[in-house]
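Only one structure is covered here, and it is reproduced in the block below.
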Amino acid sequence: MAPAPEDHRTSDPATARAEASGLFAAAARNELAGTATQLHCLAAASALRVPSGPVPAIADVRDPDQLITQALRTLGELEPEDFAHPDVLAAARHGRRALREPR
């Protein structure tokens with residue numbers, strides 16, 4: 001019998017929201033991101049309704065698409081009922097739109 005696959009779901013939605021919001025905010029201030037991408041990232045961070053604070057410095061990531069992708073992965077690891085929250089869905093939509101924007 002094969003072992004059960006690991007479940008990478010995030011059990012704490014507040015932590016996932018805060019992490020994703022910080023990643024979206026970091027992508028929004030990235031100088032390589034285009035204006036439309038920055039606006040979508042700001043909208044995504046805002047949609048998550050996390051208290052604002054300093055944007056984390058992410059020195060090892062230069063590509064805003066990597067930050068956005070990581071934020072979307074973080075949200076994707078939420079339990080289905082937490083992901084289905086309107087705020088999270090709105091943030092995910094803005095994140096996906098940000099990835100589609102040209103630089």
With a/c under 1.5 counting as rounded, go ahead and sort the range 44-103 into rounded, prolate or oblate using the C-alpha gyration tensor (a ≥ b ≥ c being the square roots of the eigenvalues; past the cut-off, prolate if a/b is larger than b/c, else oblate).
prolate
If r is the Cβ-Cβ distance from Thr15 to Arg62 and R0 is 22 Å, what FRET efficiency results, to the nearest 0.05?
0.30
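Coordinate-derived values only; no laboratory data. All of these numbers come straight from a predicted model, not from anything done at the bench. Don't worry about glycine lacking a Cβ; one is built from the backbone with ideal geometry, like all the others, and counts go over all protein chains shown.
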